[in-house]
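Colleague: Handing you this structure, nothing more for now.
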Amino acid sequence: MGMTIAEKIIAAAAGVDSVKPGDIHTVTLDRMMSNDGTTHLTVDMYRNKLKHPHIADTKKMVFIVDHNVPSDCPKTAASQKKMRDFAKENNIDFWEGKGVCHQVMMENYVCPGELIFGADSHTCSYGALGAFGTGVGCTDLLYGMVTGKSWVLVPETVKFNLVGKLPEGVYARDLILTIIGTIGANGCNYQVMEFTGEGAKTLSISERMVLCNMAVEAGAKTGIFEPDEKAIEYLEAHGRKPKALFTSDPDAVYAREYTFDLSKIRPVVAKPDFVDNLVPAEEVRGVKIDEAFLGSCNNGRIEDLRVGASIIKGKKVAEKVRFLVVPASQTVYLQALKDLSSGIKRRSDRHLHGSWRDRYEPELQCMLGKLPGRYRRE
């Protein structure tokens, strides 16, 4: 019996020839990421609960401060200092003020074929490069940090066959919201969402990140794409090579299969209070808003900012509306500044309340550009 991409990654991490859904295997982790949401708890357990504290392999550890930047209170500042000091003491790669954890990981670490645990539910984003990324709690992260291993219950895989191409003005978020609206917010509980087909190949790495990032919103263990030429080009551009290029076997077994024609996807909106409470965008036209947000690990890449800039070109931010723009990483931020200097956004600046750069750059610098940087092993 053949295996899916996810099953092959787990089998390789477990050191066995094959696995099947329902199996439980001890696996060797390729990498572990923790952010400032829970790292202080992991550090406390490491220092206070272990008889013989040690780290199995510091080269596999990455700490990233991103959730509260800058810290919003003395308590948060203290927890971040604990994280910062621990990273220095143990020679752990540490990033601060450089962007959202998953974007930083994608730009600097993730490779196809890896099994990665992250102390954040959207670690499933890494499937955009053909890696198996999944979120865990701080206790599981501590176990992985100390032993270099963990256990995995092999999940079933659900195939999403994508055909066609997204129309102009329709984006990856419309696609994944449409998928979740179809299968439900619990539609893939503890299952892998595998995105495949000719339509999948038309999506950029940024767009693939959107789909994998939101897999957890359908309850999934992870989301994943087959690593293709686009994934290899992305790796080469960031100075990395794949660990392994796994593809699903023709006779791999899937729990279910769905087909979505990308050409038929339309703009949609998820209304409060559930991600699968989906309606066509035109149904909410005219609803007044107080704040607009462009950013995060799901929609803060340069492609997203360029779309936002094209939409606001020649328009004004409405009175009483707060418009926040937060690039997903400093790399994205610097690219956005290059766009500004080349005039891509400058023409629309004149129509806003002050220039886009004057209005948002101080806030962006505070969040991404003017804080302590990072330190990592050379």
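Colleague: Starting from the range 282-295, keep only residues that are more than 27 Å from P327 (Cβ to Cβ), then list their pairs with residues that are among the hydrophobic types (A, V, I, L, M, F, W, C) and surrounded by 10 or more Cβ atoms within 10 Å (Cβ to Cβ) whose Cβ atoms are within a distance under 8 Å, requiring at least 6 positions of separation or different chains.
Modeller: E283/V269
Colleague: Also: For the range 191-216, give me each residue that is part of a helix (DSSP H, G or I) and surrounded by fewer than 24 Cβ atoms within 10 Å (Cβ to Cβ). It would help to see each step written out before you state the result.
Modeller: Step one: list which residues in the range 191-216 are part of a helix (DSSP H, G or I), which gives 198-201, 205-216.
Passing the criteria: E198, G199, A200, K201, I205, S206, E207, V216.
Colleague: Looking only at residues in the range 249-275 that are part of a strand (DSSP E or B) and within 23 Å of T4 (Cα to Cα), which one is farthest from the chain's Cα centre (by Cα)?
Modeller: The first filter runs over the range 249-275 and keeps only residues part of a strand (DSSP E or B), leaving 252, 256-261, 268-270.
Those still in the list that are within 23 Å of T4 (Cα to Cα) too: 252, 256-261.
On the way: A252: 26, R256: 25, E257: 24, Y258: 23, T259: 24, F260: 22, D261: 24 Å.
Among them, the one singled out is A252.
Colleague: Let me ask something additional. Working carefully through the options K82, K98, find the one that is of a type in the set (K, R), touching a helix residue (DSSP H, G or I) at 6+ places or on another chain (Cβ under 7 Å) and surrounded by 21 or more Cβ atoms within 10 Å (Cβ to Cβ).
Modeller: Residue meeting the stated conditions: K98.
Colleague: Please determine, by comparing only the residues of the range 123-141 that are in a helix (DSSP H, G or I) and surrounded by 24 or more Cβ atoms within 10 Å (Cβ to Cβ), which one is farthest from the chain's Cα centre (by Cα).
Modeller: Narrowing the range 123-141 to residues in a helix (DSSP H, G or I): 123-129, 138-141.
Pick out the ones that are also surrounded by 24 or more Cβ atoms within 10 Å (Cβ to Cβ) and you get 123-129, 141.
Working: T123: 6, C124: 6, S125: 4, Y126: 6, G127: 9, A128: 9, L129: 11, L141: 18 Å.
Applying the filter and picking the extreme gives L141.
Colleague: Looking at the range 308-333, I want the residues that are within 28 Å of N68 (Cα to Cα) and in a strand (DSSP E or B) and have a partner that is polar (S, T, N, Q) and at pLDDT 90 or above with Cβ atoms under 9 Å, at least 6 apart or on another chain. Which pairs are those?
Modeller: Qualifying pairs under 9 Å: S329/Q103.
Colleague: Let me ask something else. Which numbered condition trips up C111, out of (1) in contact with a helix residue (DSSP H, G or I) (Cβ under 8 Å, 6 or more places away or on another chain); (2) part of a helix (DSSP H, G or I)?
Modeller: (2)
Colleague: On to the next question. In the set V19, V43, V62, which member is over 19 Å from the mean Cα position of the chain (by Cα), surrounded by 21 or more Cβ atoms within 10 Å (Cβ to Cβ) and either within 19 Å of G133 (Cβ to Cβ) or among the polar types (S, T, N, Q) (or both)?
Modeller: V19
Colleague: Can you tell me which residue is nearest to G308 (Cα to Cα) among those in the range 142-190 that are part of a strand (DSSP E or B) and among the basic types (K, R)? Give the derivation first.
Modeller: Step one: list which residues in the range 142-190 are part of a strand (DSSP E or B), which gives 149-153, 156-163.
From what's left, among the basic types (K, R): 149, 159.
Details: K149: 42, K159: 32 Å.
Here the answer is K159.
Colleague: Quick check, is A11 aliphatic (A, V, I, L, M), within 30 Å of P250 (Cα to Cα) and surrounded by fewer than 21 Cβ atoms within 10 Å (Cβ to Cβ)? Show your work before the answer.
Modeller: Numbers: aliphatic (A, V, I, L, M): yes; within 30 Å of P250 (Cα to Cα): yes; surrounded by fewer than 21 Cβ atoms within 10 Å (Cβ to Cβ): yes.
Yes.
Colleague: Kindly indicate which of F274, F225 is touching a residue at least 60 places away in the same chain (Cβ under 8 Å) and buried (at least 17 other Cβ atoms within 10 Å of the Cβ). Even if it seems obvious, please write down each step before you answer.
Modeller: On the way: F274 fails: buried (at least 17 other Cβ atoms within 10 Å of the Cβ).
After ruling out the rest, the residue left standing is F225.
Colleague: Please find, among A231, A292, A237, the residue that is exposed (fewer than 12 other Cβ atoms within 10 Å of the Cβ), closer than 30 Å to Y333 by Cβ, under 24 Å from the mean Cα position of the chain (by Cα) and of a type in the set (A, V, I, L, M). Let's see the steps before the verdict.
Modeller: Values: A231 fails: exposed (fewer than 12 other Cβ atoms within 10 Å of the Cβ); A292 fails: exposed (fewer than 12 other Cβ atoms within 10 Å of the Cβ).
The unique qualifying residue is A237.
Colleague: I've got another one for you. So which residues in the range 64-79 are touching a residue at least 12 places away in the same chain (Cβ under 8 Å) and within 21 Å of V326 (Cα to Cα)?
Modeller: Scanning the range 64-79 gives I64, V65, D66, H67, N68, V69, P70, T76.
Colleague: With respect to C188, is the statement that it is touching a strand residue (DSSP E or B) at 6+ places or on another chain (Cβ under 7 Å) and buried (at least 20 other Cβ atoms within 10 Å of the Cβ) true?
Modeller: Working: touching a strand residue (DSSP E or B) at 6+ places or on another chain (Cβ under 7 Å): yes; buried (at least 20 other Cβ atoms within 10 Å of the Cβ): yes.
Answer is yes for this residue.
The values are calculated or read from the model by the stated rules, or taken from the named source; none is laboratory data. The model shown is predicted, which means the values in this text are computed figures rather than measured ones. Glycine gets a Cβ as well: all are built from the backbone with ideal geometry, and neighbour counts include every protein chain shown.
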